[in-house]
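Reviewing the structure listed below.
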Amino acid sequence: MINLTKTQKLAQALIQRASVTPDDKGCQDIIEDLLKKASFNTVRLNSNGVTNLLALHGAASPFLLFLGHTDVVPAGNTEEWTYDPFDGFLEDLGDDVILHGRGTQDMKGSDAAMCMALCQFVVQNPNHKGTVGLLLTSNEEGDAVGGTPFVVEYLKEHNLIPDYCIVGEPSCSKEFGDTIKNGRRGSITAHITVKGVQGHVAYPDRCDNAAHHAGALIKALSETQWDEGSQFFPKSSFQVTNISCGTGAENVVPGSCYIMCNWRYSDLLNKELIERKVTSIVKDLKLDCDIRYVVNGLPFVTKGGELLDVLKEAISLHTKVNPSLSTAGGTSDGRFIAPLGTKVVEFGPLSTHIHKVNEAVSLNSLEKLKDIFVTTLEKLF
Ligand SMILES: [Zn+2]
């Protein structure tokens with residue numbers, strides 16, 4: 001018989017709901033119940049099949065918002081998993097217990113820690129200053145439509161702008177406590193159609209091969225140094241993600257070639273700078289292109305301040321590890337909160353198994369994560 005804490009039990013219960021994005025499968029109901037019992041005011045903000053829960057306690061500022069998601073990516077081929085991904089299997093190691101399943105690291109373990117930290121803090125400090133709260137969405141792993149950006153509009157309308165936001169996404173790389181994400185790179189996708197003239201492969205003088213032009217363009221873009229990186233960001237990177245071209249016939253020169261590409265960029269770049277550089281490359285190569293840019297997320301960084309100091313202190317206290325700061329990795333829903341002027345940081349469990357087969361998390365680390373969040377709340381409020 002394995003004895004679990006409230007946080008660990010909650011994490012297991014959430015794993016046992018197969019909430020593949022954007023279907024919440026009742027995860028937020030369980031969390032809402034717990035927060036209501038701890039006298040939080042809750043509101044459900046649902047849109048287009050996406051479930052969102054906003055729970056608040058207190059009034060006025062400062063306002064600290066925890067941010068998470070209850071959706072998970074699909075398990076993939078479940079036969080490759082050692083344990084059923086939605087069973088919540090517990091592996092007893094003696095001095096620790098491993099919780100197996102999809103979403104254990106990303107990020108139901110953290111959802112449980114954030115929820116129980118808030119409950120514990122509010123029960124022990126019913127008259128705390130300011131406002132504390134939790135926002136959960138069921139569309140973080142999808143396209144975010146109807147998810148966090150939808151709730152951000154509600155926050156703006158109700159003048160509920162957080163001063164601080166802690167995103168519980170898995171942030172640690174080798175050992176629990178080693179990394180705080182204090183920002184994220186921006187992400188821009190470009191859809192490029194390189195134009196040429198279609199024709200018979202045997203008469204190249206009568207056509208203009210769009211694939212050859214696309215090749216030259218990709219070479220130039222991939223060899224461009226976009227920036228040197230900055231104090232808080234690694235160098236910006238460019239990657240081609242898709243190419244399609246040709247009619248399928250072996251004797252037709254393609255008249256157009258479609259390229260999809262993506263930049264993960266630092267605070268030194270922006271859409272205008274990227275666009276200007278691409279335009280000049282296209283001009284130098286004398287190409288005819290249609291280009292459409294989509295900004296998926298702006299870069300953000302929290303360079304310092306009380307939230308970061310207090311969180312670092314709480315991590316060292318509970319883990320004996322001094323966390324380093326990083327802005328590496330993909331984007332998170334923190335990108336929707338940062339433009340409100342909120343100081344956003346991300347801290348959660350190890351990210352070693354996110355989106356992989358046999359995702360699992362240490363239950364000791366989840367209990368410590370809850371303690372870190374409680375200490376952070378106590379020091380800030
Ligand atoms: Zn996540």
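The values are calculated or read from the model by the stated rules, or taken from the named source; none is laboratory data. This is a predicted model, so every value here is computed, not measured. Positions of Cβ are generated from backbone atoms using ideal geometry, with glycine treated the same way; all protein chains shown enter the neighbour counts. Side chains included, ligands, DNA and RNA excluded: accessible areas come from the protein's heavy atoms. Shrake-Rupley method; radii C 1.70, N 1.55, O 1.52, S 1.80 Å.
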message: Compute the angle between helix 271-284 and the longest alpha-carbon principal axis of the chain, please, reported from 0 to 90 degrees and rounded to the nearest 10.
response: 20
message: I'd like the distance separating the alpha-carbon centroids of segment 269-319 and segment 162-237, in whole Å.
response: 11
field: Relative contact order of segment 6-101, defined on C-alpha pairs under 8 angstrom at six or more residues apart (%)
entry: 28
- prompt: Taking the Cβ-Cβ separation of H158 and K379 as r and a Förster radius of 30 Å, what is the calculated FRET efficiency to the nearest 0.05?
  reply: 0.65
task: Mind pulling the angle between the C-alpha long axis of helix 363-380 and the longest principal axis of the chain? Nearest 10 degrees, somewhere in 0 to 90.
output: 80
task: Would you kindly enumerate the cysteines in the chain that have no other Cys beta-carbon under 4.7 Å from their beta-carbon?
output: C27, C115, C119, C165, C172, C207, C261, C289
- request: Rank N127, I337, G305 by how far each Cα sits towards the positive end of the charge dipole of the chain (+1 on Lys, Arg Cβ; -1 on Asp, Glu Cβ) and give me just the farthest.
  value: G305
query: Taking the Cβ-Cβ separation of A328 and Q16 as r and a Förster radius of 41 Å, what is the calculated FRET efficiency to the nearest 0.05?
result: 0.80
- line: Between H212 and H191, the FRET efficiency computed from the C-beta separation at R0 = 30 Å comes out, to the nearest 0.05, as 0.90
Rel. contact order, % - alpha carbon contacts under 8 angstrom, at least six apart, the chain: 24
query: Measuring from label point to label point, each 7 Å out along Cα→Cβ, what is the Y258 to D29 span in nm?
result: 4.1
- request: Kindly report the accessible area of the chain per residue (heavy atoms of protein chains, probe 1.4 Å, no ligands, DNA or RNA), in Å².
  value: 44
task: Go through K129/K368; K235/K277; K181/K312; K108/K356; K156/K181 and tell me which ones have a Cα-Cα distance over 18 Å in this structure.
output: K129/K368; K156/K181
message: If I stretch the segment between Y293 and D143 completely, what's the gain in nm (0.36 nm per residue apart, minus their alpha carbon distance), one decimal?
response: 52.3 nm
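Quick one: which of 38-46, 138-146 comes out on top by average Cβ neighbours within 10 Å, and what's the full order, highest first?
Ranked by mean Cβ neighbours within 10 Å, highest first: 138-146, 38-46.
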task: Could you work out how far apart the two model spin labels at N127 and H200 are, taking each label as a point 7 Å from the Cα in the direction of the beta carbon, and quote it in nm?
output: 9.2
query: Which of the peptides 273-280, 262-269 is most tightly packed, and how do the rest follow, going by the mean number of other Cβ atoms within 10 Å of each residue?
result: 262-269, 273-280
- prompt: So, how do all the Cα-to-Cα distances of segment 168-237 break down into 5 Å bins, in percent, from 0 on up?
  reply: 3, 11, 13, 14, 12, 10, 9, 9, 7, 5, 4, 3, 1
field: Mean shadow area of segment 186-297 over all directions, Cα convex hull, nm²
entry: 7.1
Peptide ranges 221-228, 24-31 listed from the most packed, as the mean C-beta count within 10 angstrom indicates: 24-31, 221-228
- request: Calculate what fraction, in whole %, of the accessible area of the chain sits on carbon and sulfur atoms when a 1.4 Å probe is rolled over the protein chains.
  value: 48
statement: Once E91 and E228 are pulled to full extension, the length gained, defined as 0.36 nm per residue separation minus their Cα-Cα distance, is 44.8 nm
- line: Rounded to the nearest 10, the angle in degrees between the Cα long axis of helix 148-157 and the longest principal axis of the Cα atoms of the chain comes to 70
task: Using only C-alpha positions, report the orientation-averaged shadow area of the convex hull of segment 1-94, nm², one decimal.
output: 8.4
Cross-link partners of K195 among aspartates and glutamates (Cα-Cα below 13 Å; sequence separation of 8 or more within a chain): D208, D288, D290
All-pairs alpha carbon distance profile, the chain, 20 Å steps from 0, percent: 27, 49, 20, 4, 0
